[in-house]
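Structure, as structure tokens:
The values are calculated or read from the model by the stated rules, or taken from the named source; none is laboratory data. Here the structure is a predicted model, which is why all the values come from computation and not from measurement. Please note: Cβ atoms are built from the backbone with ideal geometry, for glycine as well, and neighbour counts cover all protein chains shown. Accessible surface is based on the protein model in full, side chains and every heavy atom, while ligands, DNA and RNA are left aside. Shrake-Rupley method; radii C 1.70, N 1.55, O 1.52, S 1.80 Å.
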Amino acid sequence: MIKVVKFGGSSLASAGQFAKVGDIIRSDENRKYVVPSAPGKRNAKDIKVTDMLYDCYAAAEAEEDFKIILKKIKERYDSIINGLNLKISLEEEFRVIAENFADKAGVDYAASRGEYLNGIIMAAYLGYEFIDAAEVVFFNKDGEFDAEKTDKILSKRLKKCERAVIPGFYGAKDDGRVCTFSRGGSDITGSIVAKAAGADLYENWTDVSGFLIADPGIIENPKVIKVITYRELRELSYMGATVLHEDAVFPVRKAGIPINIRNTNQPEEEGTLIVESTCHHSKYTITGIAGKKGFVAVNIDKDMMNSEVGFGRKVLSAFEQNGISFEHMPSGIDTMTVFVHQEEFEGKEQQVLSAIHRLAQPDTIDLEADLALIAVVGRGMRSTRGTAGRIFSALSHANVNVKMIDQGSSELNIIIGVANNDFETAIKAIYDIFVTTQL
């Protein structure tokens, strides 16, 4: 069995955290490939190494003295090395980095050094081979990830070594210049390595014990989601849940490799398992609740709308012409409502309304602002009758007025529209009816 393990910045912020990570890796001989992030914050007032590198390079670009910041970065790494009693030195690495900063090697190069240096330390600590991501992860000249080339070369390289550390977050273009993924890119690298290694499991270790059913900022101590499908994950992440970036899911989803989200500080917890499909029955009808504030409902009325061919296309083209995407579009016989982001819409509202009148010739248009959308997601809803009724009942008891309800054809999610100021109350009511009352 092969496991690829990725550790986030908070998991590798200090020597003490490194030691925890080492214990986790050594406790399972199947954990063969390790993808580290750069050191994160050691406490609330601390600064991430990646942010320090950005500041350092900005000083170099401005022709200011960047050596003081670079020295502080080196001290962060030296504290980890000394705390682990390792017999390695990063003197030469920092000399090269200083030269490249002075030569304006690029902001991507600067940001990538956090993972690169942490990878060297991790490999030395574990006794694993170090593979520079710039040698096995590739981007094209436009900075877009080259999945085919990466998978071919990385797969070949991994077959030659039984255990290795591959830094996350970066790779290189054909000309050798370092290129990075967006922030959170170490998650993407972990997924890429898992696919290339033909892994049985991709473990993503962080500072939480998996995904939570609801936002802990709204619900006190929400329950952890034990098993979630990729489709459920996409629905929740689309509605604002803090989950893995879609790019970090795609490589392993395509290969059918499950992802396990685990907590470095509580390794005994099982965390959340993300799978393609499952017969596992959730303890609750729903899998999760997520939502976002700041929407406008554009309500369009026209008699005999249902018999007018192309009416919906005409309305949506008014939004398209003004560069505005829509979120949801519930409709009736003579009515259509288009939900859009208020921030995007406000500056162009009159242009959009004029375009709708010109193109679709509606009877009336009405706007309702300051709305929130909440997604209630769960594969268990397919086999449970009365889910929508329970939601309405819970919201009614909480004195929340429902502005809109929309259920997808897959029966995997129900979207509810409420006023912004009812957002938190609504989520609490839904959580209580589906989770708290079932405990």
Unmet requirement for N221, which otherwise passes all of (1) within 26 Å of L373 (Cα to Cα); (2) in contact (Cβ under 8 Å) with a residue 24 or more places away in the chain; (3) part of a loop (DSSP other than H, G, I, E, B): (2)
Hey, does the range 407-418 have a residue that's open to solvent by 60 Å² or more (accessible area, probe 1.4 Å), within 20 Å of L236 (Cβ to Cβ) and modelled with pLDDT of 85 or more? no
Can you confirm whether A102 is farther than 23 Å from A164 by Cβ, modelled with pLDDT of 95 or more, surrounded by 19 or more Cβ atoms within 10 Å (Cβ to Cβ) and of a type in the set (G, A, S)? no
Select from the range 245-285 the residues that are open to solvent by less than 30 Å² (accessible area, probe 1.4 Å), modelled with pLDDT under 90 and closer than 24 Å to E411 by Cβ and list them in ascending order. V249, Y284, T285
Taking the range 292-334 and the residues there that are of a type in the set (G, A, S) and under 17 Å from H357 (Cα atoms), the one that is surrounded by the fewest Cβ atoms within 10 Å (Cβ to Cβ) would be G310
It is to be established whether one or more residues within the range 45-58 are within 28 Å of V137 (Cα to Cα) and over 28 Å from the mean Cα position of the chain (by Cα). no
If you check S325, S317, S307, which single one turns out to be farther than 19 Å from L412 by Cβ and at pLDDT 95 or above? S317
Being touching a helix residue (DSSP H, G or I) at 6+ places or on another chain (Cβ under 7 Å) and either at positive phi or acidic (D, E) (or both) narrows D46, D55 down to just D55
Going through the range 381-397 in order, the residues found to be of a type outside the set (S, T, Y) and buried (at least 17 other Cβ atoms within 10 Å of the Cβ) are M381, R390, I391, A394, L395
What are the residues in the range 197-218 that are open to solvent by 10 Å² or more (accessible area, probe 1.4 Å) and not in a loop (DSSP other than H, G, I, E, B), if any? A197, L201, T206, L212
Can you report the number of residues in the range 335-359 which are under 20 Å from K302 (Cα atoms) and open to solvent by 50 Å² or more (accessible area, probe 1.4 Å)? 8
